[in-house]
Amino acid sequence: MNKAKSLRLRDVDLNLLVTYRQLLRDRRVSAAAQSLGLSQPAVSSALNRLRKLVGDELFVRTSRGMEPTPYAEQLAKPIDEALRAIQDALNEGASFDPLSSERQFVLAVADVGEIYFLPSLMGAVGEAAPGVRLKAVSNQDPGMKGDMEEGKVDLAIGFLPELKTDIFQRRLFRQRDVCLFRQGHPLDGRKLTIEDFAQADHVFVDLGRGHGMVNSAIERVVGHRAVKLRAPHFTALPYLLLEADLVVTIPEKIAKRLASYFPLSVADHPMDLPDYQINLFWHAKFHHEPGNQWLRTLIYNMFSE
């Protein structure tokens, strides 16, 4: 036979390459058929199809069995590597082993979520999956839903009512807002009244639609002149509060976490602010993906109430 000058991948049936590899190992049609769970005629037919496709005999009958031609031997290593790569990719998609995985997961959270979730989560991931890495990105990115669909973001956490279509979600807990200020603040040790709150100086964190609605409600009570600082995130709050007599309205879990590390006091909020639900979100496209399932189960078991 004359070898084909070129082949297009779409012209090659993957099953023919699997049969070729098995014949290369077993050197007998009967043995290859048994290994593959096929009949001998089916293996012979596959071999004949592959011969016509590549323009080479590939295997020649001898007293020692089916001996590969030089061209068949030349194909052995690249085809074996290609089939192994395909099999590994399929197995990776069908299972997830946290002990051996070196995957990086991307979580979309607000900086307030980084403070509450990431420290504990890093410890748990390090113990259960030492090779796994985490990357945190903002959950306020307008393109986040598209990134979740494309697999660029694995999970999102927070109060994200805009995530609806094609998105699964699971409740972690409900959250309420409290007041946070430095120990020794004039309001420290007192039950806050609306009057006390209205006369204090405040710092607002402008983060997301939900918190923006809370800030607007507070500003109607205290007036815009009482808002001495507007910050884009929560990270710098402890340092700001320690240097000035400011009050910040902040989610209770974050307030308590910060107060455990800094000399800060937490007080019940005097305003009747609505509580809100913190959820875990993932795209429907990855609902059955094992790695995604593993991480979201870990997060749910750690933080759900």
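The values are calculated or read from the model by the stated rules, or taken from the named source; none is laboratory data. As the structure is a prediction and not an experimental result, all values here were calculated from the model. For neighbour counting, all protein chains shown are included, and Cβ atoms are generated from backbone atoms with ideal geometry for every residue, glycine included.
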Checking Ser265, Ser216 in turn, the sole residue that is of a type in the set (Ser, Thr, Tyr), under 30 Å from Ala156 (Cβ atoms) and not assigned by TED's automatic domain parsing to the domain that holds Leu163 turns out to be Ser216
Checking Tyr261, Tyr276, Tyr300 in turn, the sole residue that is in contact with a strand residue (DSSP E or B) (Cβ under 9 Å, 6 or more places away or on another chain) and exposed (fewer than 15 other Cβ atoms within 10 Å of the Cβ) turns out to be Tyr300
Quick count over region 176-206, residues being of a type in the set (Phe, Trp, Tyr) and under 13 Å from Ala226 (Cβ atoms), is 2
In this structure, is Arg170 among the basic types (Lys, Arg) and either assigned to a strand (DSSP E or B) or assigned by TED's automatic domain parsing to the domain that holds Asp111 (or both)? yes
Residue set Ala124, Ala89, Ala110; condition modelled with pLDDT of 90 or more and either farther than 20 Å from Thr249 by Cβ or out of contact with any Phe, Trp or Tyr (no Cβ under 7 Å at 6 or more places or on another chain) (or both); output residue Ala124
Per the list (1) surrounded by 15 or more Cβ atoms within 10 Å (Cβ to Cβ); (2) outside the structural domain of His288 (by TED's automatic domain parsing); (3) over 19 Å from His269 (Cβ atoms); (4) among the β-branched types (Val, Ile, Thr), residue check on Val247 breaks on (3)
In region 166-221, residues that are touching a Pro at 6+ places or on another chain (Cβ under 6 Å) and free of Cβ contacts under 8 Å to residues at least 24 places away in the same chain total 0
Those strands (runs of 3 or more DSSP E) completely within region 52-152 that have 2 or more residues that are without any contact (Cβ under 8 Å) to a residue 40 or more places away in the chain and not assigned by TED's automatic domain parsing to the domain that holds Leu298 are 59-62
Those residues of region 9-37 that are modelled with pLDDT of 90 or more, within 43 Å of the chain's Cα centre (by Cα) and part of a loop (DSSP other than H, G, I, E, B) come to a total of 0
> Looking at region 131-143, is at least one residue among the charged types (D, E, K, R), over 30 Å from Asp245 (Cβ atoms) and surrounded by 12 or more Cβ atoms within 10 Å (Cβ to Cβ)?
Replying inline: yes
If we ask which residues in region 243-301 are among the aliphatic types (A, V, I, L, M), assigned to a loop (DSSP other than H, G, I, E, B) and touching an Asp or Glu at 6+ places or on another chain (Cβ under 8 Å), their number turns out to be 2
In region 41-69, anything farther than 17 Å from Arg21 by Cβ and within 48 Å of the chain's Cα centre (by Cα) is listed as Pro41, Lys52, Gly55
